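Report on the following structure.
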Amino acid sequence: DTGSAAAIPINEVDIAYVTPVTVGTPPQTLMLDLDTGSSDLWVFSSLTPSSQVRGQDIYTPANSSTSKLLNGHTWSIRYGDGSGSRGTVYLDTLAVGGLEVKSQAVQTAQEVSSSFTQEQSLDGLMGLGFSTLNTVRPSSQLTFFDNARPSLDEEVFTADLKYHATGSYDFGFVDRAKYTGNISYTAVTESPGYWTHSLSGYAVGSGAFQTTRLSGISDTGTTLLYLPTAVVTAYYRQVQGAQNSQYYGGYVFPCSSSLPTFTFGIEEARFTIPASYINYTRISPTSTTCYGGLQSSSGLGINIFGDVALKAAFVVFSGTNPPRIGFAHK
Ligand SMILES: NCc1ccc(-c2ccco2)nc1
C-alpha cells in the first residue's frame, strides 16, 4: 500500500503545515500537523472544552461506528515551544491520502494550551517520531507509520515541504518525480525517539564550507532552523544591523537587509537554503524589523533541523533497520 497527501502551510509565513486526515466511520476529516519531532497523534475532540475550541474541526468518537474507548488510558504532552495538551484515547480507523490503518490510537484532547486554541487551522498533531516517545499510559501506543508499516510497499515516508506553497507527504514509496539527482542518505540514531542524525558541515553565503559534524533532529513540526551559537553568529555577522535581541528572543535585523544563503551538508551532498527562507517574518505587521529563520539552539540542548531547512530539500524518512534519512535536491 501507499498514501499521498498535501502539506498545506497554515499561514503566510509557513509557521506550520497541515495535512487532511480522515478518522472514524463515516470519515471525519481533520487537518493535522504531521510532526517527525513527536510521537503522539492527538486531536481536538468532542471532549475538548468548548472554551478551548476556536474554529478547529473536532473528532466526535460517538459519531463513529468503529470507535472504541481505550479504557483507563491517558496522555499528556509538552512541546519545545511551551505548548501542550492532554486527554484520553480511542482506537479508530484512520487514513492519510488513501492509506488506511484499522485500529489507530487517536488521542482525544480534554485540555489544550492557549497557543493551540489560537491556531484555528490546526486540528491536532500526528507524531511521526519513534513510538518510544509516545506518552499514552499505562501502555504506550504506536504511530500511524508504525501501524502502517506491514502494509507499506516500502518502509518509508517522505516530506516535500515548500516555501509559501503546498507540498506533500508520501507513505510507502519514494516518488521519483519529486526530486532530481540522487538521494544522499545518512545514519539515524533513534535517540531518544527522534530522527537524530548529523550534518557534515555548513557554509554562510559564498563562504568556505566548514566541515564539522553537527548532530540534531529533523523535525517537520518545528518552524525554524536551530543551530549552535558559533554557526549562527557567523551567519548574522554578514547581516547589516543584525542583533541577538533579548526582547524578541532571537536574531532580528532590518527587513531591508540583504541576507546570505545558508548551506548544510548531508555527507558529500550540499543543500542551500535561499535567503528568503531565512528572512522569516516581520516582528509585527507594520514593523521594519524582521525575525530570522536561523536561530541559536543554545537554549534547547539539541540542534533542530526544522521546516526552514527541510523545505530546501526532498526528505526520505526510512524506517528500515537501521533507520536512515535521505535528502535530495528538487
Ligand atoms: N513541534 C510540535 C508542535 C507543533 C505545533 C505547535 C503549535 C502550537 C500552536 C500552534 O501549533 N506546537 C508544537
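Just so you know, all these numbers are worked out from the coordinates, no wet-lab data involved. Source: prediction; values computed, not measured. Neighbour counts are summed over all protein chains in view; Cβ atoms, including those assigned to glycine, are modelled from backbone coordinates with ideal geometry.
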Cα-centre dipole for the chain with unit charges at Cβ (Lys and Arg positive, Asp and Glu negative), debye to 20: 600 debye
Extension gain from THR25 to ASN244, taking 0.36 nm per residue of separation minus the Cα-Cα distance: 73.8 nm
√(5λ) per eigenvalue of the Cα gyration tensor, the chain, largest first, Å: 33, 23, 17
Size of charge dipole - region 3-171 - debye, nearest 20, with Cβ of Lys, Arg +1 and Asp, Glu -1, no other charges: 600 debye
Simple label model, 7 Å out from Cα along Cβ direction - THR229 to SER256, nm: 3.2 nm
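Can you tell me the alpha carbon radius of gyration of region 179-329 divided by the globular rule-of-thumb value 2.2 N^0.38 Å? Present the calculation step by step, with values, prior to reporting the outcome.
Details: Rg = 15.4 Å, N = 151, 2.2 N^0.38 = 14.8 Å.
In units of the globular-protein estimate, region 179-329 measures up at 1.04.
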Lysine pairs meeting the criterion (Cα under 26 Å, 8 or more apart or interchain), as found in the chain: 7
Estimated inter-spin distance, SER298 and GLU154, nm [label 7 Å along Cα→Cβ]: 4.2 nm
Full-stretch length increase - ASN321, ALA275 - with 0.36 nm per residue and alpha-carbon distance subtracted: 12.9 nm
